[in-house]
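First up is the structure itself, then whatever we jot down about it.
The values are calculated or read from the model by the stated rules, or taken from the named source; none is laboratory data. Because the structure is a prediction, the values reported are computed rather than measured. All Cβ positions, even for glycine, are placed from backbone atoms using ideal geometry, and neighbour counts span all protein chains on display. For accessibility, only protein heavy atoms count, side chains too; no ligands or nucleic acids. Shrake-Rupley method; radii C 1.70, N 1.55, O 1.52, S 1.80 Å.
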Amino acid sequence: MLTMLKRIVQEVNQIPVFDDALSCLANRLIEALKVDSCSIYLADYDQQHFMLVATEGLAKAAVGQVSVGFSEGLVGLIGQREEPLNISDAQRHPRFKHYPEVQEDNYHAFLGAPIIHQRKVLGVLTLQQKQKRRFSEDEEAFLVTLAMQLAVEIANAKARGSINLLQENIPKDWQKSLKGVPGSSGLASGVGYLQDMMVRIHSHVPKRNDNQQEQIQNYRQAVKQTQADMAVLSERMQGEVPEDVRAIFQLYYHLLDANSLGRDVEKEIKSGWDAPTSLKMVVENYVRQFQAMNDPYMRERAVDVEDMGNRVLANILGITTDKNEKREIPEQAILIAEEVTAVMLAEFPSEQLKGIVSMRGSNNSHAAIMARAMGVPAVMGLSNVPIALLHDKEILLDGYTGDVIVSPNGTIRREFDQLVLEEQLLSERIHAEDTLPAITTDNCEIRLFTNAGLSLETEKNDNPYSDGVGLFRTEIPFMMRERFPTEHEQVELYRSLLEAEPNKPFTMRTLDVGGDKPLPYFPISEENPFLGWRGIRLTLDHPEILLVQIRAMLRASIGLQNLSIMLPMITSVSEVSEAKRLIRQAFYEVEEEAQEQGEVLHMPKIGVMLEVPAVLYQLPQLSKIVDFFSVGSNDLTQYLLAVDRNNARVADLYDSYHPAVLSALHTIAKHSDLLQVPVTVCGELAGEPGGVVLLLAMGYRKLSMNNHNLLKVKWIVRNIHRGSAEQLLAKVLTLNNPQDVREEINLYLESVGLGGLVRAGI
Ligand code: PEP
Ligand code: MG
């Protein structure tokens, strides 16, 4: 049966048009299972019914016409009970409902299975037979297995917009609330503008051509043209986004280089394929390689490679890349695309670009990185929506929460306008206090630091309002290269960072690769990378890498006094002792060098990240050998709750407001205080309104966060009373689940006049 299942799924997967694929599936199933009828119904939650979308055995004319209410008939019953239904004579079942159009009078035996994806019923798959009999357990198990596989395909097809149940009867005043992932914060309203490439490399039909010279010529010419286009776009973005974000165009440029993609494409041409086909083969191969990478950042690059392939192909074929070019772009446009790419953003008239909706992609996509750099609100990964429905519609977009509202009614629009107004006022008020100290109304002072280095756009650390850098993630400079950076390259980078504000502390973390951050030139293949060779575990196993990095940090700090070094993923005391031994070894070496130059090298403070739950039970021992602690609430949440922080399927379970996480954070604050070890929180929680209030109440006095959260956090601190925050904490620690904690926090923020943050979703 497994072979049969695989064969059917494989065959169906190859059919590009989804409706055809479903019909084929129904057909193959009746052949394989020797039944008389197979039908597929898809749920339409707006209409509250299941629509018959494919059948073999029932009247074909009923497809797209017959719908079964969610609480009607046997199909409705399967949806309600969320389990299979196996009956020998359907017509005698009390829930049987007669639909004359489907012509099922001769059928008796009935087996149906719900199609469920992420707890949501997407449809129902049914088998029917003339004979009266119960289907066997094998048949039932087979149908359930198939329905599970089908669920994934349906969810994907919905994400691609290939299922248009709604499209035929969309009411004029259709209004829909959609949910995506926040890509770039801010609120925006405008008119949807669907941008799509006319030429798609994956739909190009392969062809052979023996005139190799001509094909190579065509290809090279198209590459030149594409490089020229990129140069123009890159030029246009100068000053709009930081230099390192512009590096995206460099990536395109390098990929187009004769030595990477070019060589492979020309090899294909020489084997007899025409230029477009050769390009298709090579690009698709590259895309597959990027998609297979573990690191989400690198995985996202597959989009850029495909986009670049589409552009070269268009140039080979002499077609303009944008079929929308002639259409008028609205004054206030919300750019919509299946996959918004960095290049698309560069091409779009920036004064008209108010917001971005990308059906695919995530927070790590280049488009999201660029949107943040350009200050344009963006929502990514908006699945389950036919994309065409967003074109030319009024759209409200909330880049804080990921909400997108299409064709809002008057009330919603007025509420949104009110939010935009509140956001503006709030932002003005926040900025009006930017130079004032972060001190609560009862005089408790909090020091605010920035996190730097996570993404390309946050390299700039000279935030005049911060007390220094609480966490510099050193991974990105390692990830952006094709080999380990040399000691000299590292010294240059670290020196420029330390020198930027020599009077403010700067905490550099040693390399924390592994987990979801593999180095492209140092592949690690593991079943459980987050529980594997990551952070200090990897660098202690490779002292040559760690020593180079530490020496570079120390050499960069000659004559300065602001460097601290932090060790990630510490699980055992011995790891700290071993790392300190290497730090001392490097220190003596560099100190000698400094003395020769007549300079002084100061021993940096050495601290550890508290992010693996094991260290909660070793704080006294650790306190004896380190100068400071820094709580990595992101990983602490992941490891305490056993929830992979990158797995969308369990994203709902990943919550730093979980009572266990809060209790752990509270314990750390109390013990650090008793042990007299300075402690900072540098995970995302330290930049969230609720997190700030609770952490302050727990006793944390140093918080480190992303640059763009700093003034907001300062404003929160300035508007709260430590005593009342402590009362909130006492209450919150008695609660059972994160939702209740959030509600309690929101009530508190409202009560102290910070409700604007909640309402604006900031
Ligand atoms: C953390 O885990 O909270 C942290 C700050 O480090 P990273 O997000 O880089 O793992
Ligand atoms: Mg971490």
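The set of residues in the range 257-278 that are out of contact with any strand residue (DSSP E or B) (no Cβ under 9 Å at 6 or more places or on another chain) and either open to solvent by less than 20 Å² (accessible area, probe 1.4 Å) or among the hydroxyl-bearing types (S, T, Y) (or both) comprises S260, L261, G262, V265, I269, S271, A275, P276, S278. Look at L22 and say whether it is buried (at least 21 other Cβ atoms within 10 Å of the Cβ), under 34 Å from the mean Cα position of the chain (by Cα) and at pLDDT below 90. The answer is yes for L22.
Among all residue pairs at least 6 apart or on different chains, which show Cβ distances below 7 Å where the first residue, located in the range 221-234, is farther than 17 Å from D304 by Cβ and the second is modelled with pLDDT of 80 or more and open to solvent by 10 Å² or more (accessible area, probe 1.4 Å)? Listed pairs, sorted by first residue: A222/N315; A222/I316; Q225/N315.
Every condition in (1) away from ligand 2 (no atom under 16 Å from the Cβ); (2) more than 16 Å from F478 (Cα to Cα) holds for H542 except the one numbered (2).
Selection of strands (runs of 3 or more DSSP E) fully inside the range 338-443 by the criterion of at least 1 residues being small (G, A, S) returns 353-358, 378-380.
Among the residues of the range 481-519, just one is out of contact with any helix residue (DSSP H, G or I) (no Cβ under 8 Å at 6 or more places or on another chain), within 16 Å of ligand 1 (Cβ to nearest atom) and either over 28 Å from M293 (Cα atoms) or modelled with pLDDT under 95 (or both), namely T507. Picking from residues in the range 484-516 that are over 25 Å from the mean Cα position of the chain (by Cα) and of a type in the set (A, V, I, L, M), the one that is surrounded by the fewest Cβ atoms within 10 Å (Cβ to Cβ) is A500. Residues in the range 633-690 that are among the small types (G, A, S) and under 24 Å from K605 (Cα atoms): S633, A669, S672, G683, A686. Here R534 fulfils each of the conditions (1) out of contact with any helix residue (DSSP H, G or I) (no Cβ under 8 Å at 6 or more places or on another chain); (2) more than 16 Å from ligand 2 (Cβ to nearest atom) apart from (2). Of the residues V53, V12, V68, the single one that is open to solvent by less than 40 Å² (accessible area, probe 1.4 Å) and in contact with a Cys (Cβ under 7 Å, 6 or more places away or on another chain) is V12. Residues being touching a residue at least 12 places away in the same chain (Cβ under 8 Å) and over 28 Å from Q418 (Cα atoms) are entirely absent from the range 739-762. No other residue among Y639, Y657 is open to solvent by less than 60 Å² (accessible area, probe 1.4 Å), under 23 Å from K517 (Cα atoms), within 16 Å of ligand 1 (Cβ to nearest atom) and in contact with a helix residue (DSSP H, G or I) (Cβ under 9 Å, 6 or more places away or on another chain) apart from Y639.
Against the numbered list (1) more than 16 Å from ligand 1 (Cβ to nearest atom); (2) surrounded by 15 or more Cβ atoms within 10 Å (Cβ to Cβ); (3) hydrophobic (A, V, I, L, M, F, W, C), I625 comes up short only at (2). Of E422, E445, all but one fail to be modelled with pLDDT of 90 or more and open to solvent by 40 Å² or more (accessible area, probe 1.4 Å); the exception is E445.
On the given criteria, is V576 within 16 Å of ligand 1 (Cβ to nearest atom) and of a type in the set (A, V, I, L, M)? It is false that V576 is within 16 Å of ligand 1 (Cβ to nearest atom) and of a type in the set (A, V, I, L, M).
Considering only the range 512-531, I want to know if a residue exists there that is more than 16 Å from ligand 2 (Cβ to nearest atom), over 23 Å from V608 (Cα atoms) and touching a Pro at 6+ places or on another chain (Cβ under 8 Å). Yes. Mind checking whether some residue in the range 588-600 is more than 16 Å from ligand 1 (Cβ to nearest atom), surrounded by fewer than 18 Cβ atoms within 10 Å (Cβ to Cβ) and within 21 Å of G468 (Cβ to Cβ)? Looking through the range 588-600, at least one residue is more than 16 Å from ligand 1 (Cβ to nearest atom), surrounded by fewer than 18 Cβ atoms within 10 Å (Cβ to Cβ) and within 21 Å of G468 (Cβ to Cβ). When F110 is tested against the conditions (1) under 20 Å from V152 (Cα atoms); (2) open to solvent by less than 50 Å² (accessible area, probe 1.4 Å); (3) hydrophobic (A, V, I, L, M, F, W, C), the lone failure is (1). In the range 197-273, counting only helices (runs of 4 or more DSSP H) that sit wholly within it, the ones holding 2 or more residues that are modelled with pLDDT of 75 or more and farther than 29 Å from M370 by Cβ span 212-236, 263-270.
Per the conditions (1) at pLDDT 85 or above; (2) farther than 18 Å from M51 by Cα; (3) open to solvent by 60 Å² or more (accessible area, probe 1.4 Å), the sole criterion not satisfied by S136 is (3).
Do any helices (runs of 4 or more DSSP H) entirely within the range 633-712 hold 2 or more residues that are out of contact with any Gly (no Cβ under 6 Å at 6 or more places or on another chain), more than 16 Å from ligand 2 (Cβ to nearest atom) and of a type in the set (V, I, T), and if so, which?
Helices (runs of 4 or more DSSP H) meeting the threshold: 689-698.
One residue stands out in the range 522-572 among those that are buried (at least 21 other Cβ atoms within 10 Å of the Cβ) and of a type in the set (G, A, S): the one that is nearest to ligand 1 (Cβ to nearest atom), namely G535.
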